[in-house]
1. For residues that are in a helix (DSSP H, G or I) and of a type outside the set (Lys, Arg), scanning just segment 51-66, find the one that is nearest to the chain's Cα centre (by Cα).
2. How many of the residues making up segment 209-231 are farther than 30 Å from VAL297 by Cα and either over 21 Å from the mean Cα position of the chain (by Cα) or of a type in the set (Val, Ile, Thr) (or both)?
3. Please determine, by comparing only the residues of segment 255-285 that are more than 22 Å from SER241 (Cα to Cα) and among the aromatic types (Phe, Trp, Tyr), which one is surrounded by the fewest Cβ atoms within 10 Å (Cβ to Cβ).
4. Being more than 20 Å from SER197 (Cβ to Cβ) and either in the same structural domain as HIS207 (by TED's automatic domain parsing) or among the small types (Gly, Ala, Ser) (or both) is the requirement here; does GLY277 meet it?
5. Look at LEU213 and say whether it is assigned to a strand (DSSP E or B) and surrounded by fewer than 20 Cβ atoms within 10 Å (Cβ to Cβ).
6. Could you tell me whether GLU334 is surrounded by 17 or more Cβ atoms within 10 Å (Cβ to Cβ) and within 22 Å of the chain's Cα centre (by Cα)?
7. Does GLU164 count as part of a loop (DSSP other than H, G, I, E, B) and in contact (Cβ under 8 Å) with a residue 40 or more places away in the chain?
8. Being in contact with an Asp or Glu (Cβ under 9 Å, 6 or more places away or on another chain), aromatic (Phe, Trp, Tyr) and within 21 Å of PRO373 (Cβ to Cβ), is that true of even one residue in segment 54-71?
Amino acid sequence: MLFRTERSEVKNLGNINKGKPVSIVAIGAGNRTNKYLEYVKQHPDKVKLVGVVELNDIRRHKVAERFGLDASCCYSDYREFFNQPKQADVVMVCTPENMHFEPTMMAIESGYHVLLEKPIAQTLEECLTIGKAARKKGVLVSVCHVLRYHPYFMKIKELVESGELGHIISINHRTSVGVDRAAHGFVRGIWRSERLSNPMLMSKCCHDIDFLLWLTKTPCRKLTSFGSLRWFKAKNAPEGSAERCIDCGVESTCPFSAVDLYQVRRDWIANFDVPVGKTIDDVIETQLREGLYGRCVYRCDNDVVDHQIVSMEMESEVTINFSMDIFTLKDNRETHISLTEGEIDGDETRLRVRRFRGAEETVYDFSDLSHQPFHAGADLAIIADFIDAIRTYSEKVGLSVNAALKEIIAPAIGLSRRRSNIPKNNLAEFCGALKDVDCSELEATQSALSEIDAKMWK
């Protein structure tokens, strides 16, 4: 998703130096940041990391070491960073979800283009405020919905867009979060609370909602939804259980055991920070005894749902059934699309296309993608596209709002662009050549350019 303004409104893009790498500062240095920064590492001719902002000392130092950043380019507080003169072309915001809004707004006000990790913010009001500010300031804000860049989902989009199977009638889409991922991130971990992150459908499933809207290309006109935190509550804790898995009398049979997940199977430990002088085993032991991730799943401070169903009717009359479930060993997305002349179904590994006439069937195999890092290259592709968007606009669009309006208005009112008395940079001075009524209309037009299209947002 891009808060892309009209070309005449993008007034800050021309500041990027031609032939030089786009400069970027990372705010947040967790898992997602490091995935995206792989592109920076692979393409130093296109983009350069010039700074990092991260509260966690271990993560900040790792990024600084990896990219050879001087200590003066490293900050523990984004407010301190934004108090400095503008240092780069782009700011990448990959902070926790409850800390998206403020640094994004500060970046926009400072004139940075923003690559923003999903979801945009915690409230609709904050989302709209970010969009309005970006348009007013003339910067690009791009949201990291990486499924749009994943080969499997791109193929679905291509098949639908081709029109060979007619028009979409209905879509059934299921997201299986998987018990291990859910217990780690959405019961014990950082996405366990709506206050600390967002509702489950935003924290985990905004990719899915974006994918469905991407396919249908029409707003939703009717919606119903049901879901709850059904199971991971204290009242459902088995007899003999304890506050921590390592002390639990029923741990050996519990399907949600932290001891089994982290210490035995050693899954989901890549995101644990390992201090200097410690080993990953030391960190796992500490987590099990005193950290977030050693807690009993029935005795956490979680409040996000563990299952949910959403039904939508789009303005195009397409109906969508979307479900999210964590009580499954699967960790994938399954989609079935009914069209007027055929159907498409897949599970991220295999995509099957069947036409009604002649019962023709085509199967696309994506099984090799499950072993490929960075969401099968989608993480890198979204960075490449964002950098390309900035480059393209920078090279082809250099007009400010003032300049664009002058180009349109000057001939219409009989003023030659070659006249020396026409101000070059200030629309207010230029408006002095107009009548009062013309000025009023012009101001109204200019104001309208800064407003978000409500129908688009719908």
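1. Restricting to residues being in a helix (DSSP H, G or I) and of a type outside the set (Lys, Arg), the top hit is VAL63.
2. Looking only at that region, the number is 5.
3. Ranking the qualifying residues of segment 255-285, first place goes to PHE272.
4. Details: more than 20 Å from SER197 (Cβ to Cβ): yes; either in the same structural domain as HIS207 (by TED's automatic domain parsing) or among the small types (Gly, Ala, Ser) (or both): yes.
Spelling it out, GLY277 is indeed more than 20 Å from SER197 (Cβ to Cβ) and either in the same structural domain as HIS207 (by TED's automatic domain parsing) or among the small types (Gly, Ala, Ser) (or both).
5. Numbers: assigned to a strand (DSSP E or B): no; surrounded by fewer than 20 Cβ atoms within 10 Å (Cβ to Cβ): yes.
No: the conditions fail for LEU213.
6. no
7. Details: part of a loop (DSSP other than H, G, I, E, B): yes; in contact (Cβ under 8 Å) with a residue 40 or more places away in the chain: yes.
Taking the combined requirement at face value, the residue satisfies it.
8. no
The values are calculated or read from the model by the stated rules, or taken from the named source; none is laboratory data. Note that the coordinates shown come from a computational prediction; the quantities given were computed from them, not determined experimentally. Note: ideal-geometry Cβ built from the backbone for every residue, glycine included; neighbour counts use all protein chains shown.
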